[in-house]
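Asker: Sharing a structure, written as structure tokens. Questions coming.
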Amino acid sequence: MASFVRRAGGVLMRALQDPRTQYRRMKWRCGFTVFQPLLDGAGVYLYPKEAIARHLLYLDFESAVRRAMQDVLAPGMTFIDVGANFGVYTVLAAKLVGATGRVLAFEPSEREGKRARRAIEHNGFRNVELFRVALSNADGTISLNVCEPAYGGCNSIGTVTHEAAVGHVSHVEQVTCRTLDSFLAEKQVRRVDVMKLDVEGAEQLVLLGGKELFTGAGAPVLFCELSDWTARGLGTTAAKTWDLMVSYGYKIYSIQRSEGGYRLAQCPRAERIEYEDVLACKPAHEPLLGRMRWATVSTGAAV
């Protein structure tokens, strides 16, 4: 009885301190879709049982990356979101680059694409273009393994090997596949300032298909997820993606949580990278990075 009273008291205190958040959590637990603000009123819809939604509601999903991105993005910039899912970074970037900026978002899954479009329309953004396209190292069509709704963040053009989603593929979709270089040339996009790359193991393929962009004078700042959990589904490793970015002239920092929000840590290359969010930048990006609130520290290898 005493334990129940303590738990009930804790729930009540949290509800009094932040009633809107507690109300959203309660609705979501009951199976309702809820709208989650991300920045200055802009936000996304969170769908019942979806893992990323749970992390946003309860575990502060990728807070270090989102805070670092807020320091990098500015009005008028062009941002590319590769692997938009239901739109977290698309919405965040659209708000930050403003009406004079531009966001190109790529999400090949029909289900996640519809969810991203719903968020874009709800926020009234006119600076976002959403494409149902999988970026890779060749133009054509490709099979996309689409997971059950709860594991929508693990959809992949490779075998689904993320330990949380193995055995949870619901169906396969045939989707358009493009290289980043050919797509940008077709759309006459001449400048890209910042890119987020999170495509469940296919990061290396996207980088290969964007060699002209990434080795050119106007190469963007890169936010990239590296993980052997997903890379092995495409017969590669996160270290090979790391090596490719370095060969393009990028310096790589791990994005880590800290009491102040985040920090960038220089990491030596490791053969095994279970999971790492990184920021990749070039000497030309130093003025941009100068306004970031971070401390560079010496750490061990990524694990």
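Asker: Only helices (runs of 4 or more DSSP H) wholly contained in the range 1-54 count here; list those with 1 or more residues that are crowded, with 17+ Cβ neighbours inside 10 Å and at pLDDT below 95.
Answerer: Fully inside the range 1-54 and qualifying: 19-29, 51-54.
Asker: Being within 22 Å of Asn155 (Cβ to Cβ), in contact with an Asp or Glu (Cβ under 8 Å, 6 or more places away or on another chain), acidic (Asp, Glu) and surrounded by fewer than 24 Cβ atoms within 10 Å (Cβ to Cβ): is that true of Glu62 here?
Answerer: Numbers: within 22 Å of Asn155 (Cβ to Cβ): yes; in contact with an Asp or Glu (Cβ under 8 Å, 6 or more places away or on another chain): yes; acidic (Asp, Glu): yes; surrounded by fewer than 24 Cβ atoms within 10 Å (Cβ to Cβ): yes.
So Glu62 passes the test.
Asker: Name the single residue, out of those in the range 263-297 being part of a loop (DSSP other than H, G, I, E, B) and at pLDDT 90 or above, that is surrounded by the most Cβ atoms within 10 Å (Cβ to Cβ).
Answerer: Ile273
Asker: Limited to the range 208-242, what total is found for residues that are surrounded by fewer than 19 Cβ atoms within 10 Å (Cβ to Cβ), closer than 23 Å to Ala270 by Cα and small (Gly, Ala, Ser)?
Answerer: 2
Asker: Could you please let me know if Ser109 is of a type in the set (Gly, Ala, Ser) and under 16 Å from Ala53 (Cβ atoms)?
Answerer: Yes.
Asker: Pull up the range 248-262, narrow it to residues that are out of contact with any Phe, Trp or Tyr (no Cβ under 9 Å at 6 or more places or on another chain) and in a loop (DSSP other than H, G, I, E, B), then point me to the one that is surrounded by the fewest Cβ atoms within 10 Å (Cβ to Cβ).
Answerer: Glu259
Asker: Select from the range 110-159 the residues that are among the polar types (S, T, N, Q) and either over 25 Å from Leu38 (Cβ atoms) or in contact with a Cys (Cβ under 9 Å, 6 or more places away or on another chain) (or both) and write down the one among them that is surrounded by the fewest Cβ atoms within 10 Å (Cβ to Cβ).
Answerer: Step by step, filter the range 110-159, then rank; the result is Thr141.
Asker: Looking only at residues that are among the small types (Gly, Ala, Ser) and either within 19 Å of the chain's Cα centre (by Cα) or within 17 Å of Leu205 (Cα to Cα) (or both) in the range 160-191, which one is surrounded by the fewest Cβ atoms within 10 Å (Cβ to Cβ)? Quick ask: steps written out before the conclusion?
Answerer: Of all residues in the range 160-191, those among the small types (Gly, Ala, Ser) come to 164-165, 167, 170, 182, 185.
Within this subset, residues satisfying the condition of being either within 19 Å of the chain's Cα centre (by Cα) or within 17 Å of Leu205 (Cα to Cα) (or both) are 164-165, 182.
Working: Ala164: 13, Ala165: 23, Ser182: 15.
Step by step, filter the range 160-191, then rank; the result is Ala164.
Asker: Could you please find all residues in the range 66-94 being touching an Asp or Glu at 6+ places or on another chain (Cβ under 6 Å), of a type outside the set (S, T, N, Q) and either surrounded by fewer than 22 Cβ atoms within 10 Å (Cβ to Cβ) or outside any helix (DSSP H, G or I) (or both)?
Answerer: Correct list: Met77, Gly83, Ala84, Phe86.
Asker: What number of residues within the range 97-154 satisfy the criterion of being closer than 27 Å to Lys211 by Cα, out of contact with any Gly (no Cβ under 8 Å at 6 or more places or on another chain) and not small (Gly, Ala, Ser)?
Answerer: So the answer is 13.
Asker: Which condition from (1) within 16 Å of the chain's Cα centre (by Cα); (2) closer than 19 Å to Met195 by Cβ; (3) at pLDDT 95 or above is the one that Met77 breaks?
Answerer: Exception for Met77: condition (1).
Asker: Taking the conditions exactly as written (touching a strand residue (DSSP E or B) at 6+ places or on another chain (Cβ under 9 Å), among the aliphatic types (A, V, I, L, M) and touching a residue at least 40 places away in the same chain (Cβ under 8 Å)), does Leu135 satisfy them or not?
Answerer: Yes: the conditions hold for Leu135.
Asker: (1) in a helix (DSSP H, G or I); (2) closer than 29 Å to Tyr253 by Cβ; (3) touching a strand residue (DSSP E or B) at 6+ places or on another chain (Cβ under 9 Å): which one isn't true of Gly113, the others all being true?
Answerer: Tallying (1) in a helix (DSSP H, G or I); (2) closer than 29 Å to Tyr253 by Cβ; (3) touching a strand residue (DSSP E or B) at 6+ places or on another chain (Cβ under 9 Å), Gly113 fails exactly one: (2).
The values are calculated or read from the model by the stated rules, or taken from the named source; none is laboratory data. Computed from a prediction, not measured in an experiment: that's the story for all the values here. Heads up, the Cβs are rebuilt from the backbone with ideal geometry, glycines too, and the neighbour counts pull from every protein chain shown.
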